[in-house]
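Novice: I'd like to ask some things about the structure below.
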């Protein structure tokens, strides 16, 4: 992991976990606990979608060459 990757990871963690958590705490202290919880859930959920879109989706995940279902395997209907 190089320096740019570490900075991207730290920024992502801050944006996904720390910022919505602090916003939730401040809004709860101001007397808006439901709004704080909604901001936290929305921030966390959008963060998960961002991580999926940015890092997980582009991965090329396939079975190794030559691996397939056996001819006599009837466990899955076609």
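Bear in mind these aren't lab numbers, they're just calculated from the coordinates by the rules spelled out. What you see is a predicted model, and the numbers here were worked out from it, not measured in a lab. Cβ: placed from backbone, ideal geometry, glycine included. Neighbour counts: every protein chain shown.
Novice: Can you give the Rg and Dmax of segment 3-56 based on its C-alpha atoms, in angstrom?
Specialist: 12.7, 41
Novice: When only C-alpha pairs under 8 Å and at least 6 residues apart count, what is the relative contact order of segment 3-56, in percent?
Specialist: Reported as a whole number, the value is 34 percent.
Novice: Please give the FRET efficiency for residue 2 paired with residue 48, using the beta carbon to beta carbon distance and R0 = 35 Å, rounded to the nearest 0.05.
Specialist: Efficiency for this residue pair is about 0.90.
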